[in-house]
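One structure below.
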Amino acid sequence: MSSVVGRAFFGREAELAAVAGAVERVPAAGLVVVVVSGEPGIGKSSLLAETCRRLRDRGCAVAVAESDDVSRRIPYAAVVTALRSVGGAGEVRDALEALDLTTAPDATWFGRSCELVARVLTRLAAERPAALVLDDLDQVDDDSLAMLAVVLRRVTAAPLVLIAAARTHHRNPGVEELLDRLERHADVVRVRLEPLSGGDVARIVETVLGAPVDDGLAHEVHVRADGNPFFAVEIARSLRELDLVAVDGDRARLTVSPSAIRLTRREAVLRRVAPLDRDTRAVARAVSIFRRVRLDQIGLLARVASLPEEAVVDAFDGLLRAHIVVRDEDRGYRFSHALVGEALYQEIGPAQRRHLHSLISARLLDDRARGLAVDEMELAWHLAESAPPGDLRAVRVMAQAAAANRTTAPETAAALCARALELLPVAAPERAGLLASQCRALAHASRPGAAIGPGLAALEELPPGPERSRCAVVVLSSMFLVGRFAEALRLADAELGAGAEAPAALHAQRALLLVFTGRHAEALAEVDRIEAMPVTSAAEGVVVFDRLAVITSMLFRHDKTVDYANRALASADGQAVLELQALAVGASTGALAGLVHDASWRLRRAEELRERAGGHAFRGELEMARVALDWFGGEWDACLERVGRAAAELESRQELMMLDGLRAIELEVRTWRGELDVAARLAALAVPGSPNMSRLHALAMAGYLAARGDVEGARAVLVEAVDDDGMTAYSCVLLGRLIELDFSHGRVEEARRTAQHLRVVAADRVAPWTRTTLRRVIGLVEQDVAVLREAVDEARAGGLVFEQARAQLALGLVDRGAVADLLDAYAVFQRVGAHGLRRQAGGRLRDLGAKVPRARGRAAGVLTAAEENVARLVQQGMRNRDIAAALHYSPRTIEVYLSRIYAKLRVSSRLELARVLDGRA
């Protein structure tokens, strides 16, 4: 209970209106997220309950999940609870069966479960808006958060509102990551609950006491409760029960001086159970150890309370009658408010709490030994809270629970490993295996940065053998993903130099690191040797050949890249998870090299598999492939939207190489679009550390500097990025940009010399992007129509839509008869928003006497109502932070809106936006 007493609802009219306003946007906007925040007891749950009541009164479907520190330890508890709250329709039963982890799930279960949960939400919103309500978002289990991130992305178009309550100043990285992702593709409204006013607290006290109150009493309760409605209720009740208030005339007043009252917020909560008899209070404390208790656990509750079972039954019923404990559907019984349980739990004292957890875990262990069904996660939690250091039985239970959840709930598995490690002596032989298990769980959860530490610690203790080799490969892969190349190479050299026979996967990982540390010739020499090595499993075959595909792509052997990617897929031997790995790595590798057709079919198959095989792994690779293909394919709106959605997640997971690639592509697109104020923020970021992404960044950075008028700065970036033999990543397209820069600024001879060097460097390279660039710049410098037509054909055959348009523009500048090509280029530039190039193509068409198509905005310049609101506030000179506060959005959501507005109105700055709106007025 907080600000709701009976059916009255006090002091939250403005906040309730803000939530209702967000719900009203759902039919037009699709998914809307409302985050209600505030301190414990401030009224978050009451606000959610009132919102749910009003939505149900309107006939809206509402799925509700309340979480606590017990359910947080149960994988997918929040999702399951929400599903159960909406009844037993066929889709719900199917989803619940899929999430039943008591049987061993197959490799496709996660994706299938996500699809089934998405179907439930879509069905709920089929006729009218629906709501998913998560109370105490901070306590939602990590695996539910990961699943919701996937599911909610799939239902963004549905008229669905997610309403969540979160405690202020309670950091949960999983929650922050979920909200970061949602802000990229949904409206996020933030409602902060502040302390209630004195008048609102007075109304609460009047309801509790059943009479009007005088100003002195109301003020005293308001001050002691700090405007917190839950504590206001408890303090008012305590004052009444202590006979410290009396009705004098028509008003309730204090009977003593305020200075004589010794009553804090915590004491008021504990007084909730003080009037109970000794046995009932003892049972209440015992329930606080369970947090949730079932009726079949009464015997165990009696043991924890040190009371006869008959006395516990009577006391438990007394707690129910006093509304201190309430029924919680099919999950047993819980406290009516979490603060009551927390206060009782803290009252017990740490030593006694540990002893009581020990009693519960001992009983559960005994039940398990007798063959009775025991919730392994519940057992693991009580052991985690009670086991002393060195308790190997507790360690084994937690290790078993972690192993059972490593693929289905990797976040939970990693946390169990961490707690088990705390219990182990430093020199315990089990330590290495637990560290390796924790490393693999974190890597499976796509958290490479976090996986490195336990993996390195495991390698310090693991003996030579398959387990050590598997751990080493995971550590090296994780280091690679976060850009720690030199350190990883030293580790690989140490592992291979230890004398034990190393698997091919370890050799392949080392060869990849050689490329990324600039030792190209050594890496190339290793490729043929590694290819001939035997592989001991399908998993190793996938790892070996996908590493060889990346190596050959970096060294411009793209015919071999495709071959190795195919062999990685064949090595998967029909296993869905391994096929997904091979396809994801092959797609991202090919996409970054501009192998559009090859990468596209791999990405399509990977996405089909991911629907079935899971949502944890290979997110970075798949996002990178999608973004790069949208970039090359001229789907720049989709490209930027994907970058926005993926960047926050990749950053939180420390997948820095993929993140650097996304940012480089975004910088390139923003620059071509003329959105230089947005591009400036990207240009100010640190230069990537990986050799491939640093060169891709150099390509985009040079374009940005040139667009800003800093031609010398652009030249310097390009010259520094390319080595003499042209073996660095993206060397051909970097040289191509240097040639175009020099040629367009009158340095014709320098452009010709560089073009001759490019001919030599690119002579044996087969990638369409390289071949198109070579022919476009050679044709432009030498004014050779035939070569420019070859550039157009190369780009068309390679699926390089934007590069084809650039080649057609170059052809039109040289060949007066290429009007049709200029018109095609003009249309592409208009569609992608490259308005500088569009104007250049239009100018050439006018020079040739051809009709220039009318430039039309991609959305006819029509803004949605929400976009119009944001745009008008920008016109008034407000900053993003101020706009966010005024509209109850986050600053990041305002950035997303501005990107859409700029694209629709074909502007690139706040000043241009204001001018356009001034003109409309």
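Descriptive notes on the structure:
- Candidates in the range 765-810 are the residues that are acidic (Asp, Glu) and closer than 21 Å to Tyr826 by Cβ; of these, the one that is surrounded by the most Cβ atoms within 10 Å (Cβ to Cβ) is Glu803.
- Taken together, Ala373, Ala362, Ala305, Ala351 contain a single residue that is crowded, with 18+ Cβ neighbours inside 10 Å and either farther than 30 Å from Gly41 by Cβ or at pLDDT 80 or above (or both), which is Ala305.
- In the range 681-705, the residues that are among the hydrophobic types (A, V, I, L, M, F, W, C), closer than 17 Å to Gly644 by Cβ and out of contact with any Leu (no Cβ under 8 Å at 6 or more places or on another chain): Leu685
- The residue list Glu177, Glu206 contains one member that is more than 29 Å from Glu13 (Cβ to Cβ), part of a helix (DSSP H, G or I) and not hydrophobic (A, V, I, L, M, F, W, C), which is Glu177.
- Positions within the range 23-34 being surrounded by fewer than 21 Cβ atoms within 10 Å (Cβ to Cβ) and either among the hydrophobic types (A, V, I, L, M, F, W, C) or touching a Pro at 6+ places or on another chain (Cβ under 8 Å) (or both), in sequence order: Pro27, Ala28, Ala29, Gly30
- Test: residue in the range 650-669 that is more than 24 Å from Ser731 (Cβ to Cβ), touching a helix residue (DSSP H, G or I) at 6+ places or on another chain (Cβ under 6 Å), among the basic types (Lys, Arg) and not assigned by TED's automatic domain parsing to the domain that holds Val150: no
- Of the residues in the range 46-57, none is outside the structural domain of Ala225 (by TED's automatic domain parsing) and not in a helix (DSSP H, G or I).
- Residues satisfying the stated conditions in the range 765-801, i.e. at positive phi and among the small types (Gly, Ala, Ser): Gly799
- Options Val79, Val133: the member that is touching a strand residue (DSSP E or B) at 6+ places or on another chain (Cβ under 6 Å) and either under 30 Å from Pro229 (Cα atoms) or at pLDDT below 80 (or both): Val133
- Filter result for the condition that a residue is farther than 18 Å from Lys560 by Cβ and among the hydrophobic types (A, V, I, L, M, F, W, C), over Ala508, Ala498, Ala532, Ala525: Ala498
- Unique match (being outside the structural domain of Gln139 (by TED's automatic domain parsing) and touching a Leu at 6+ places or on another chain (Cβ under 6 Å)) among Val245, Val213: Val245
- Cβ-Cβ under 6 Å pairs, at least 6 apart or on other chains, the range 211-225 side free of Cβ contacts under 8 Å to residues at least 24 places away in the same chain and of a type in the set (A, V, I, L, M), far side in a helix (DSSP H, G or I) and surrounded by fewer than 23 Cβ atoms within 10 Å (Cβ to Cβ): Ala218/Ala202
- Arg431 crowded, with 20+ Cβ neighbours inside 10 Å, within 18 Å of Ala384 (Cα to Cα) and in contact (Cβ under 8 Å) with a residue 24 or more places away in the chain: yes
- For the criterion of being closer than 23 Å to Phe110 by Cα, in a helix (DSSP H, G or I) and at pLDDT 90 or above, Val542 passes.
Per-residue answers, yes or no, for (1) assigned by TED's automatic domain parsing to the domain that holds Ser71; (2) more than 23 Å from Pro410 (Cβ to Cβ); (3) assigned to a strand (DSSP E or B):
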residue: Asp143; (1), (2), (3): yes, no, no
residue: Ala149; (1), (2), (3): yes, no, no
residue: Leu152; (1), (2), (3): yes, no, no
residue: Val161; (1), (2), (3): yes, yes, yes
residue: Ala165; (1), (2), (3): yes, yes, yes
residue: Glu183; (1), (2), (3): yes, yes, no
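- The number of residues in the range 469-507 that are hydrophobic (A, V, I, L, M, F, W, C), under 30 Å from the mean Cα position of the chain (by Cα) and not in a helix (DSSP H, G or I) comes to 1.
- Gly174 meets the conditions (1) surrounded by 23 or more Cβ atoms within 10 Å (Cβ to Cβ); (2) in contact (Cβ under 8 Å) with a residue 60 or more places away in the chain; (3) more than 13 Å from Leu31 (Cα to Cα) in every case but one. The failed one is (1).
- Extreme residue, surrounded by the fewest Cβ atoms within 10 Å (Cβ to Cβ), among residues of the range 726-764 that are of a type in the set (Gly, Ala, Ser) and under 24 Å from Pro691 (Cβ atoms): Ala763
- In the range 793-834, of all residues being among the charged types (D, E, K, R) and assigned to a helix (DSSP H, G or I), the one that is nearest to the chain's Cα centre (by Cα) corresponds to Arg831.
- Condition check for Asp296: closer than 22 Å to Glu66 by Cα and surrounded by fewer than 20 Cβ atoms within 10 Å (Cβ to Cβ): no
Condition check ((1) among the charged types (D, E, K, R); (2) closer than 20 Å to Ala380 by Cα; (3) at pLDDT 90 or above; (4) not assigned by TED's automatic domain parsing to the domain that holds Asp143) across all residues:
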{"site": "Gln400", "(1), (2), (3), (4)": "no, yes, no, yes"}
{"site": "Thr408", "(1), (2), (3), (4)": "no, yes, no, yes"}
{"site": "Ala415", "(1), (2), (3), (4)": "no, yes, no, yes"}
{"site": "Ala427", "(1), (2), (3), (4)": "no, no, no, yes"}
{"site": "Leu435", "(1), (2), (3), (4)": "no, yes, yes, yes"}
{"site": "Cys439", "(1), (2), (3), (4)": "no, yes, yes, yes"}
{"site": "Ala451", "(1), (2), (3), (4)": "no, no, yes, yes"}
{"site": "Leu462", "(1), (2), (3), (4)": "no, no, yes, yes"}
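- Qualifying residue in the range 869-876 (condition: buried (at least 20 other Cβ atoms within 10 Å of the Cβ), at pLDDT 95 or above, touching a helix residue (DSSP H, G or I) at 6+ places or on another chain (Cβ under 6 Å) and not small (Gly, Ala, Ser)): no
- Hits in the range 52-73 - residues which are among the basic types (Lys, Arg) and touching a residue at least 40 places away in the same chain (Cβ under 8 Å): Arg58, Arg72, Arg73
- If you go through the range 388-405 and keep only what is farther than 16 Å from Asp375 by Cα and surrounded by fewer than 21 Cβ atoms within 10 Å (Cβ to Cβ), you end up with Pro388, Pro389, Gly390, Asp391, Leu392, Arg393.
- Tally of residues being part of a loop (DSSP other than H, G, I, E, B) and within 23 Å of Ser553 (Cα to Cα) across the range 735-792: 6
- Hits in the range 142-186 - residues which are among the aliphatic types (A, V, I, L, M), over 16 Å from Ala131 (Cβ atoms) and touching a strand residue (DSSP E or B) at 6+ places or on another chain (Cβ under 8 Å): Ala166, Val175, Leu179
- Search result, residues across the range 134-174 that are on the phi > 0 side of the Ramachandran plot and among the charged types (D, E, K, R): Asp136
- Selection from the range 851-868 of residues that are of a type outside the set (Gly, Ala, Ser) and at pLDDT 70 or above: Lys851, Val852, Pro853, Arg854, Val862, Leu863, Thr864, Glu867, Glu868
The values are calculated or read from the model by the stated rules, or taken from the named source; none is laboratory data. Quick caveat, the model's predicted, so the values are computed rather than measured. Cβ atoms come from the backbone with ideal geometry, glycine included; neighbour counts cover every protein chain shown.
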